[in-house]
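Each remark here refers to the structure printed beneath this line.
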Amino acid sequence: SDSIWGTTGQSEWYVLSNNVDCSKSIRVNGNVSLILRDGFTLRAADGINVPEGSSLTVYVQSGGSGKLSAVASTNGTAGIGGRSGEKGGSVKICGGTITASGAAGGAGIGGGANAEGGNVTVLGGSVCVIAGSGANAIGGGSGKPAIAATNGSAPVYPVALNLSAVVGNNAVVND
């Protein structure tokens, strides 16, 4: 079963104060804010499930050295976002070193296979997003459109594992 963070309809805060390796999916319910403390890493071995109606905001301590790695291993699952057939919720990244990789059919950040992505905002940090086969790095899973990362000034490095449509040169990362 999933590791559950948050409560539907509520806002909750989590602080990463040591290295954490989570062997299962982390499921976000409600509005979750995560602070990555300097020098620590969160590794989610089956991604972070942020379904439509939920949100994840990632902050980093002032030194900026906190890390998050969300690598989906279940086919159809986004690295950060929806599962197969499930739209992604809202994801906001305010800092840290973030890696999000979708499994086959899942977006790096966004929707699961055959589902659209939610709002994605990158305001800071370094973000590397890897699409699962047939999906977008940021946006929809396989069969759905890409979206642009908006309202941020941080570099976003989308990578595709195949030649499907990917947010790349079309990514919008603004001040």
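Every residue, every condition in (1) over 21 Å from T7 (Cα atoms); (2) open to solvent by 30 Å² or more (accessible area, probe 1.4 Å); (3) not in a loop (DSSP other than H, G, I, E, B), yes or no:
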{"position": "Y59", "(1), (2), (3)": "no, yes, yes"}
{"position": "S65", "(1), (2), (3)": "yes, yes, no"}
{"position": "G76", "(1), (2), (3)": "yes, no, no"}
{"position": "T97", "(1), (2), (3)": "yes, yes, yes"}
{"position": "A107", "(1), (2), (3)": "yes, no, no"}
Just the residues that are over 18 Å from I80 (Cβ atoms) and out of contact with any Ser or Thr (no Cβ under 6 Å at 6 or more places or on another chain), please, taken from region 12-28.
V15, S17, N18
All-but-one check, G53 against (1) surrounded by fewer than 16 Cβ atoms within 10 Å (Cβ to Cβ); (2) on the phi < 0 side of the Ramachandran plot, failing number (2)
Identity of the residue in region 78-95, part of a strand (DSSP E or B) and of a type outside the set (V, I, T), that ends up most open to solvent (accessible area, probe 1.4 Å)
K92
Condition check for A103: open to solvent by less than 60 Å² (accessible area, probe 1.4 Å) and outside any strand (DSSP E or B):
yes
T121 fails exactly one of the following numbered conditions: (1) open to solvent by less than 40 Å² (accessible area, probe 1.4 Å); (2) among the β-branched types (V, I, T); (3) over 14 Å from L56 (Cα atoms). What is the number of that condition?
(3)
Residue list for region 135-164, restricted to those being open to solvent by 10 Å² or more (accessible area, probe 1.4 Å), at pLDDT below 90 and closer than 19 Å to G85 by Cβ
G143, K144, P145, A146, I147, S164
What tally of residues in region 1-43 results from selecting those that are open to solvent by 80 Å² or more (accessible area, probe 1.4 Å) and in contact (Cβ under 8 Å) with a residue 40 or more places away in the chain?
1
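The values are calculated or read from the model by the stated rules, or taken from the named source; none is laboratory data. Because the structure is predicted, anything quoted here is derived from the model rather than measured. Heads up, the Cβs are rebuilt from the backbone with ideal geometry, glycines too, and the neighbour counts pull from every protein chain shown. For accessibility, only protein heavy atoms count, side chains too; no ligands or nucleic acids. Shrake-Rupley method; radii C 1.70, N 1.55, O 1.52, S 1.80 Å.
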